[in-house]
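Quick notes on the structure that follows.
The values are calculated or read from the model by the stated rules, or taken from the named source; none is laboratory data. Only a predicted model underlies this, so the values are computations on that prediction, with no experimental measurement involved. Glycine also receives a Cβ, built like all others from the backbone with ideal geometry; neighbour counts cover every protein chain displayed. In case anyone asks, the SASA skips ligands and DNA or RNA and just uses the protein heavy atoms, side chains included. Shrake-Rupley method; radii C 1.70, N 1.55, O 1.52, S 1.80 Å.
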Amino acid sequence: MRRSQAARYARWSAAVALLLVCITLGVYLKRGVQSHIDRKKAPPAPPVNVEKQSSGLTFSKMDGPRKIFTVEASKSTDFKGRDSSLLENVKVTIFGKAGDRHDIIHTQSCQYGKEIGAIVCDGAVQIDLQSAADAERAAREPAAPPQVVHVATKSVTFDRATGDARTEQPVLFTFPSGSGEALGAKYNSEQGTLLLLQNVRLSLNPSAPKNSAKQSPRPTPGIPPNADNVVHVKGNSLDFGRDSRVLHLSGPAEAESATTHLTAGELTLELDARFRASRLLAAPFPDGKAPELTSRGDADKMDLVADQLTANLDPEGWVARMEAKGNAHGSRQSKDEDDEFRSDAAAVDMWPKVNRVKELNLNGGVSVKTHVAKTGDARALETGALRMNFTEGTLTEHGKPTLAETLTAGAMEWTDPPSHAGDPPRQTKLQADKLRLAFGDEGKPKQLTATGNVQTERAAAGTPPQTATAKSGVAQLLPSGGWEQMDLQDDVRLKQGDRTARSDHATFVRAEQTALLTGHAVARDASTETHAPRILFYQSTGDIRAEGGVRSTDFSPSGKGGSSSSNGASQSQQLPANITSDNLQANSKSGRALYSGHARLWQGDSVLEADSIELLRDSKILNAAGNVRAVFPQTTTPAQANATSSASNPSSAQQSGQTPSVTPVAASSAGQASATKTVLWHISSGTLTYNDLTSTAHLEKNVVIQSPDQRIRAPQMDLYFTRGTHPQTPAANTSAANLVAPQQISRAVGTGGVIVDEGDRRATADRGEYTASDGKFVMTGGDPTVYDSTQGTTKGRQLTFFLADDTIIVDSENGSRILTKHRVNN
C-alpha cells in the first residue's frame with residue numbers, strides 16, 4: 001500500500017513538475033513573441049547622422065495677435081552638421097493678414113532650413129486656395145459644392161519670412177469652372193495671389209444647367225447633344241487673385257471655342273462668387289496692335305477688332321454680351337455678300353446658348369458698308385449711332401437681321417454697277433434725321449423709312465446730280481440690298497443742274513431712272529416754269545412727261561435763249577410767255593418740248609392755239625399743228641400813213657409818168673391815217689412753223705389772216721416779223737428807248753392761190769405779198785384780179801393796192817396806171 005501510494009505520489013509530483021515546466025516555457029515563449037513583435041513595431045534606430053527626432057512640429061508667423069500662416073508636420077528630424085530639418089507630412093495653412101483666407105499647401109516631406117527660414121518640398125505638392133468663409137461653409141455643409149482652387153505641382157519652395165511659395169516645375173490646376181496647366185508658379189500668402197510663370201493653358205467649362213439634376217434640358221435647335229462649349233485660353237503668364245477672383249493673362253494671349261477665336265496682348269478673366277467665368281477683357285499688344293475676335297460658321301466668317309474687347313459670359317458657358325471700345329471695326333463674309341463696319345464703340349447682345357448676335361449697337365462715327373458679290377451692288381450707311389436686331393441663329397449659322405435703325409441722323413448710299421464697261425457707277429444717297437431699315441423673312445433688306453429733313457441725291461453718267469428734299473420718305477429695297485423705288489412725301493423739292501421742281505409727293509424708280517412728281521407739281525429751269533398734276537422725269541434720257549392740265553411760263557427775253565419759240569408769238573419782250581395743254585412731252589438734253597391736246601400759247605395780246613405746239617430750243621423753232629389759231633397785235637404808224645399818201649399823190653404819179661384817174665384823198669383823210677392805233681390780226685391754218693433766228697413763220701393748209709377790215713386767204717403763207725421802237729417810249733429816256741419793241745408782221749407772202757378781201761373788194765392771184773410799212777398788197781402770178789362792186793373788175797400783170805385807201809396801181813402790158821377811189825361814208 002505504501003509502495004503503491006509512493007508510486008502514485010511520484011507520478012503526481014512528476015505531473016505537477018511537468019505542468020510547471022510547461023507553464024514556465026509558455027510564459028517565456030509569450031514574452032519572446034511579444035518581444036519580437038515589439039521589436040518589429042519599434043522605430044528603427046536613428047541613423048548615425050541624426051541628431052534629433054521629434055513629432056508633432058508646429059510653428060506660425062504672427063502679425064500681432066493674428067496668425068498669417070501655420071506650418072504643421074507630423075515628424076521633424078534634425079541632422080548632425082546640417083542647418084536643416086526634415087519635415088514629414090507637412091501642412092501649411094495660410095490665413096492672410098486679414099484672416100479672410102484658408103489656403104492650404106500639403107506635401108509628404110520637406111527640408112526646412114533653420115537659418116534662411118525656407119521650406120523646400122521636392123516631392124508632389126498640393127495647394128488648395130479658398131476663402132475662410134468657403135472653408136466654414138464646407139465644414140457646415142459637406143454636400144455643398146466646394147469653392148476651391150486646386151494646384152498640383154512639385155519641387156516647391158516656401159519662404160517662411162515672406163510667405164511666398166515658388167516652383168519652376170509643371171503646374172496643374174483646377175477651379176469650379178475650368179482647369180489648366182503652366183510651367184512654374186509663384187504663390188504669395190500675404191496677397192493671396194497665384195502667378196503662373198510660363199506657357200499657361202486654360203480650359204473654361206460651362207456650368208451644368210440648373211435643371212440638369214432633375215431632368216435633361218431641352219435641346220437647343222442647331223446644337224448637337226455633345227457640342228463642345230469649352231473655351232480654351234492660352235498665354236504667356238497668369239496672375240490669379242483668389243480674393244478678387246481675377247485671372248490676368250499676359251500675352252500674346254488667345255481664347256478659342258468651337259466657333260470663335262480671340263487674340264489679344266492681354267486677357268483678364270473675372271470670376272463670380274462661385275468661381276464661374278463672368279467677364280473677359282482683351283487689351284492691345286505691346287506694339288499697339290488691337291485685339292481681334294473671329295467667329296466662323298459653315299457659311300460665313302465674322303471679325304471684330306477694337307482697342308479693347310469685353311465679353312460678359314453666362315455661367316452656363318455662352319457669351320451674353322460683347323463690347324468693343326476704341327476704333328471698333330469688323331467685317332462679315334458670306335457666300336452672298338460682304339459687310340464691314342467702323343465706329344468708336346460697339347456692343348453686341350447675344351442669344352442664349354448659340355453664341356449668335358441678338359442686338360448690335362454701334363456708337364460714334366458709325367460706317368457700315370455692304371457689297372453684293374453676285375450683282376456688284378454696294379451700299380453704305382453712315383450715322384452717329386446704329387441699332388440692329390437679329391433672329392436667333394444656330395450653332396453653325398448666324399441669325400438673320402430683322403431691323404436696323406439710326407439713333408441719330410444718318411445717310412444711306414447705294415452704288416449700282418456701271419451699265420457698260422468704262423462707265424462710272426451710278427450712286428443714290430438718302431439721308432434723314434432717322435433711318436429705319438426693315439428686313440424680310442430671309443434676312444434680306446426690304447424697306448427703308450426716312451423721317452425728318454429727308455434729302456436724296458442721285459448721280460448718273462452724263463447728267464448733273466439730282467437732289468431732293470422732303471419731310472419723310474420710304475424706299476422699297478431689292479433682296480440684294482439695292483433700292484427699287486423711293487417715295488418722298490410732304491413739301492418735296494428737287495434740283496438738277498439749273499432745273500428745280502416741287503410737289504406734294506415724288507416717286508423715284510431705279511430701273512427706269514425716273515422721278516414722278518404728283519400733287520401741285522411745279523418744275524422750273526433757267527427760263528421756264530411748268531405746272532401740272534403729274535410730271536415725270538427720265539434722268540438717263542432727259543425726257544419729261546407732264547399730264548392732267550399743263551401750264552408752262554417762259555420768262556426768257558426774246559432772242560436771249562431759253563424756250564425762245566414762244567417769243568416769236570410774243571407781243572412784248574417784257575411779258576412772260578405762257579403755254580397750256582393737256583399733256584407735255586419734252587427732253588432737257590435736246591431742248592424739245594411738245595405740248596399736245598388743246599395747246600395754247602400767249603404773251604400779252606399775242607395768242608397761238610393748236611392741237612399741239614412743239615418748241616425746239618436749240619434750233620429756235622416753234623411748230624404748231626392741227627386747228628392752228630393765232631392772234632397778233634398790229635400797230636399802224638405815221639410812216640405807214642405817209643407811205644400811203646405818197647402813193648396816192650397825183651404829183652408823184654405825174655413824176656412817174658402815171659396818169660391818175662381819181663381825185664387824191666383829202667387832207668383830212670390823210671390826217672386820220674396818220675393816227676397811231678393797234679389792231680388784232682387773227683390767223684388760222686393747219687400748221688404753223690416759226691423760226692426765231694430768221695423771225696419768220698410758215699403757215700400751210702387753209703391759211704386765213706383776218707384783220708378788222710381785211711381778210712387774206714392762201715394755201716401757204718410766210719410771215720416776216722420785225723422789231724421797232726416802242727411807240728409809247730419817250731425818246732428822251734435813253735435806257736427805256738433801247739428796249740426791244742414788240743414784234744409785228746412786217747411782211748406776209750401767200751402762194752398757191754391768194755385771196756384778199758377788203759369790204760366789197762376782193763383781189764386774187766397765185767401770189768400775194770403784203771408790206772406793213774406802207775400798207776400795200778402786191779398781187780402777181782396767174783391772172784391778178786381786183787373785184788369791186790362799184791368799180792368793177794381790174795386786171796393786170798401785177799396789181800398793187802393799198803389797204804388803207806382805194807388806190808390801186810395796175811401794171812399791165814400797156815404800162816402802169818393808178819386808180820383812186822374816194823368812198824363817202826353815209
- Task: Quick one: in the stretch 500-544, of everything that is among the hydrophobic types (A, V, I, L, M, F, W, C) and open to solvent by 60 Å² or more (accessible area, probe 1.4 Å), which residue is farthest from the chain's Cα centre (by Cα)?
- Result: A526
- Go through (1) in contact with a helix residue (DSSP H, G or I) (Cβ under 8 Å, 6 or more places away or on another chain); (2) closer than 23 Å to A526 by Cβ; (3) of a type outside the set (S, T, Y) one by one and return the number of the condition P576 breaks. (1)
- For the stretch 159-179, which residues satisfy the criterion of being hydrophobic (A, V, I, L, M, F, W, C) and not in a loop (DSSP other than H, G, I, E, B)? A165, V171, L172, F173, F175
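Out of curiosity, is A290 modelled with pLDDT of 85 or more and either in contact with a strand residue (DSSP E or B) (Cβ under 6 Å, 6 or more places away or on another chain) or more than 18 Å from L197 (Cβ to Cβ) (or both)?
Here the answer is yes, as A290 does meet what is asked.
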- Message: Looking for something under 24 Å from P418 (Cα atoms) and either of a type in the set (V, I, T) or in contact (Cβ under 8 Å) with a residue 40 or more places away in the chain (or both) - is there at least one such residue anywhere in the stretch 338-360?
- Response: no
- Please work out which residue is modelled with the highest pLDDT, limiting yourself to the stretch 269-281 and to residues that are open to solvent by 30 Å² or more (accessible area, probe 1.4 Å) and assigned to a strand (DSSP E or B). L281
- Message: Name the single residue that is nearest to R66 (Cα to Cα) among those in the stretch 145-192 being of a type in the set (G, A, S) and open to solvent by 30 Å² or more (accessible area, probe 1.4 Å).
- Response: A161
- Over the stretch 511-531, the set of residues part of a loop (DSSP other than H, G, I, E, B), touching a Lys or Arg at 6+ places or on another chain (Cβ under 9 Å) and not polar (S, T, N, Q) is D525, A526
- Note on the structure: Output for Cβ contacts, cut-off 6 Å, separation at least six or different chains, first residue of a type in the set (A, V, I, L, M) in the stretch 158-169, second modelled with pLDDT under 80, reads A161/G117
- Item | the stretch 308-318, subset open to solvent by less than 30 Å² (accessible area, probe 1.4 Å) and outside any loop (DSSP other than H, G, I, E, B), residue farthest from L204 (Cα to Cα) | L309
- Note on the structure: The condition of being out of contact with any strand residue (DSSP E or B) (no Cβ under 8 Å at 6 or more places or on another chain), modelled with pLDDT of 80 or more and open to solvent by less than 30 Å² (accessible area, probe 1.4 Å) holds, among A135, A139, only for A135
- Determine, yes or no, whether V200 is among the aliphatic types (A, V, I, L, M), within 15 Å of H106 (Cα to Cα), open to solvent by less than 40 Å² (accessible area, probe 1.4 Å) and not in a loop (DSSP other than H, G, I, E, B). no
- Item | Selection count where residues are open to solvent by less than 60 Å² (accessible area, probe 1.4 Å) and at pLDDT 85 or above, scope the stretch 432-457 | 13
- Query: How about the stretch 429-468: which of its residues are assigned to a strand (DSSP E or B), closer than 19 Å to Q539 by Cβ and of a type in the set (A, V, I, L, M)?
  - Reply: L430, V454, A459, A468
- A careful count of residues in the stretch 140-183 that are hydroxyl-bearing (S, T, Y) and within 13 Å of A124 (Cβ to Cβ) gives 3
- Checked L129, L87 against criteria (more than 16 Å from D243 (Cα to Cα) and surrounded by 20 or more Cβ atoms within 10 Å (Cβ to Cβ)); the one match is L87
- Query: What strands (runs of 3 or more DSSP E) lie completely within the stretch 687-758 and have 3 or more residues being at pLDDT below 90 and either open to solvent by 60 Å² or more (accessible area, probe 1.4 Å) or more than 20 Å from V786 (Cα to Cα) (or both)?
  - Reply: 710-723, 743-758
- When residues of the stretch 545-572 are limited to those that are surrounded by 20 or more Cβ atoms within 10 Å (Cβ to Cβ) and at pLDDT 80 or above, the one nearest to A586 (Cα to Cα): A546
- Query: Going through the stretch 83-112 one residue at a time, which ones are touching a residue at least 12 places away in the same chain (Cβ under 8 Å) and assigned to a loop (DSSP other than H, G, I, E, B)?
  - Reply: D83, F95, G96, K97, G99, D100, H102
- Message: Looking only at the stretch 587-612, filter to residues that are part of a strand (DSSP E or B) and under 14 Å from T553 (Cβ atoms); which one of those is modelled with the lowest pLDDT?
- Response: Q603
- Residue list for the stretch 113-144, restricted to those being β-branched (V, I, T) and not in a loop (DSSP other than H, G, I, E, B): I119, V120, V125, I127
- When only residues in the stretch 285-295 that are within 35 Å of the chain's Cα centre (by Cα) and open to solvent by 30 Å² or more (accessible area, probe 1.4 Å) count, which is farthest from A320 (Cα to Cα)? D287
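Per-residue answers, yes or no, for (1) within 24 Å of S177 (Cβ to Cβ); (2) open to solvent by 20 Å² or more (accessible area, probe 1.4 Å); (3) among the aromatic types (F, W, Y); (4) in contact with an Asp or Glu (Cβ under 9 Å, 6 or more places away or on another chain):
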position	(1), (2), (3), (4)
S244	yes, yes, no, yes
A283	yes, yes, no, yes
H329	no, yes, no, yes
D338	no, yes, no, no
- Could you please find all residues in the stretch 296-307 being open to solvent by less than 40 Å² (accessible area, probe 1.4 Å) and either without any contact (Cβ under 8 Å) to a residue 60 or more places away in the chain or under 13 Å from V231 (Cβ atoms) (or both)? D303, L304, V305, A306
